[in-house]
Structures are given as structure tokens and as C-alpha cells.
Amino acid sequence: MVALDQGVERRRRQHVLLDLRQAPKPQATVMEFSEVIRTTCAVRDFVPSTLPDATLKRILGQARFAPSGGNRQGWRVVVVRDPAARRSLSAIARPTIQSYTAQVNAGENPWNTIVPSRVTAAEAAATQVNSPLFENLDDVNLIPAVLVVAVDLSVVASFDRDLPRVGVISGASIYPFVWSLLLGARNEGYGGVLTTFVARDEPKVQALLNLPSHFAVAALVPIGRPRKQLTKLTRKPVEEFTRWDRWNDGTPFKVVE
Ligand SMILES: Cc1cc2nc3c(=O)[nH]c(=O)nc-3n(C[C@H](O)[C@H](O)[C@H](O)COP(=O)(O)O)c2cc1C
């Protein structure tokens, strides 16, 4: 039994060593984890820069260590360099940005599945939008990388698929990867934002980028050098979203230090 355990432990260590060998090489600058996680903000405004392919590869190489259901790693990434394709993505996003803005202007939680919107299609179509990010999407000097991240649904277990509500579980196999991309970009001095506007017209994105129809478009992530780097993000305190034992009559999660 002891010998068996030792064998298991030896194989486990070999496995760990193998993983370390495959891990990306350390880079020149490494930020403190707590600083990266507390300051990775949504960056929509960039200064001109380049993003070397090797840096982008390192960012992708770190993000691939994200978890996914059954470790099936259904993420698929298209790095969109072509300005014309970027202009098309921007055009695809525009009506959705208009309807999102119209709903925000009406005081709604936009695109909500619980409370339906009262904004009409005509009102949305008439809404003025100001999205420097999508207006500049084709500017490769300002936004050196535009990543369209899809998830191959043929490998995803969607455990909530039969519930009478919008699906959320499938997203859990892709958004940790997207978030890790943003953390990795921040660690390299770059920034970006997880955007989802183009997903509303997924078939158009699939046609534009030649994606199979079972690849769900999860995000469009621009990456560049932030014009401004926030150092303090607005977030609710832990006690506000965590309770002991139960929700309605549970006591807030308070730690006496
Ligand atoms: C699921 C998801 C979808 C998002 N979609 C968009 C989007 O379509 N467009 C956009 O500009 N930002 C989008 N964001 C970015 C959020 O607005 C941003 O993360 C949030 O406001 C916090 O910003 P901060 O980190 O700068 O405080 C999205 C974020 C998430 C997590």
C-alpha cells in the first residue's frame, strides 16, 4: 500500500514538473497578484501602441490555464487584424449599443430577462450613441489587438439547459478564460474590456469570421495601452453580497479581526 502511494505521489510530482515545463516562460516584469486583481479595470480609451505577437502569445498562454467544465477548453480565439473586418464588427455592434443606451436612458437594467424593456425598436433606432471604443475599433495603432472569443458549444456541459430561465452555466466555461486574458494584459501594462454587444448578432459575426455555427460568440476584447490606469475600482464590500447559512434571513458575513 505504501509502495502504491509512493508510486502515485511520484507520478503526481512528474505531472507537476511536466506542467511547469509547459508553463510560459517568466516575463521581465511581474506585478503583485493582489495589485493585478484589484486594478484590472475596463479600459475603453487607449493611447497609440504596438502589441508584440510574443506578448500577445504570453497573454493567451497564461489565459489557457483558466478552468472549464471537464477541462474541455472550448475557447477559440480570432485575433482580428483586418481593419475592414473590425469596421464590420463595429457596424454589427452599433444597433445593440443604441438599444442598450436607450434602455439605460429609460432607467432600465438593459437587456434584462426578468423585467422586459419598455423601449421600442423605433426609440432604440433613434438613439444617439457615443462609443469611442467601437468608433476606433479599426484603428490598429490605437487598438493593436481585437480578440473575438468564442466557445465551442459541442464540448460544453450546459447543466441549466432545461431550466425556464436564461442559461448561465455555459458562460462559466469561457469567461474565466476571458477574465484571465484581461488580468494577463494588465500584468503586461496593457488593458482592455470584455464586451458582449456583438453577441446579439452572432450569426453575422460567425459569417464574418468564418466560425462554425456551434461556436457561440462570448466576447470581443480590444487590447491596447490604457490612456488612464485606475488604481481604485468601485466595488461593493464583501458584507453586502455574502451572508452566513441563508440569504433572506441570513446574517451578513462579518469577520471580527
Ligand atoms: C459579462 C460582461 C459583459 C460586458 N459587456 C460590455 C460591453 O458590451 N461593452 C462595454 O463597454 N463593457 C462591457 N463590460 C464591461 C463592464 O462594463 C465593466 O466590467 C464594469 O463596468 C466594471 O468596470 P471597471 O472594472 O472599470 O470598474 C462587460 C463586462 C462583463 C463582465
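The values are calculated or read from the model by the stated rules, or taken from the named source; none is laboratory data. Fair warning: this is a prediction, and the values are worked out from it, not measured in the lab. Cβ coordinates were reconstructed from backbone atoms using ideal geometry, including for glycine residues, and neighbour counts include every protein chain displayed.
Inside the stretch 124-142, residues that are assigned to a loop (DSSP other than H, G, I, E, B), of a type in the set (D, E, K, R) and surrounded by fewer than 19 Cβ atoms within 10 Å (Cβ to Cβ) make up a count of 1. Selection of first residues in the stretch 100-111 that are under 14 Å from Val129 (Cα atoms) and free of Cβ contacts under 8 Å to residues at least 40 places away in the same chain and of second residues that are assigned to a helix (DSSP H, G or I) and of a type in the set (A, V, I, L, M, F, W, C), restricted to Cβ pairs under 8 Å at least 6 apart or on distinct chains, gives the following pairs, ordered by first then second residue: Ala102/Ala124; Gln103/Ala124.
Of the candidates Ala121, Ala145, Ala157, the single residue that is surrounded by 19 or more Cβ atoms within 10 Å (Cβ to Cβ) and among the aliphatic types (A, V, I, L, M) is Ala145. Selection over the stretch 209-237 of residues that are away from the ligand (no atom under 14 Å from the Cβ) and over 24 Å from Asn187 (Cα atoms) gives a count of 8. Val205 - would you say it is away from the ligand (no atom under 16 Å from the Cβ), farther than 28 Å from Val36 by Cα and crowded, with 17+ Cβ neighbours inside 10 Å? No: the conditions fail for Val205.
One line per residue, one yes/no per condition, for (1) hydrophobic (A, V, I, L, M, F, W, C); (2) in a helix (DSSP H, G or I); (3) modelled with pLDDT of 95 or more; (4) in contact with a helix residue (DSSP H, G or I) (Cβ under 9 Å, 6 or more places away or on another chain):
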| residue | (1), (2), (3), (4) |
| --- | --- |
| Asp162 | no, no, yes, no |
| Val166 | yes, no, yes, no |
| Gly184 | no, yes, yes, yes |
| Glu202 | no, yes, yes, no |
| Arg225 | no, no, yes, no |
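Among the residues of the stretch 179-202, the ones that are without any contact (Cβ under 8 Å) to a residue 60 or more places away in the chain and within 13 Å of the ligand (Cβ to nearest atom) come to 2 in all.
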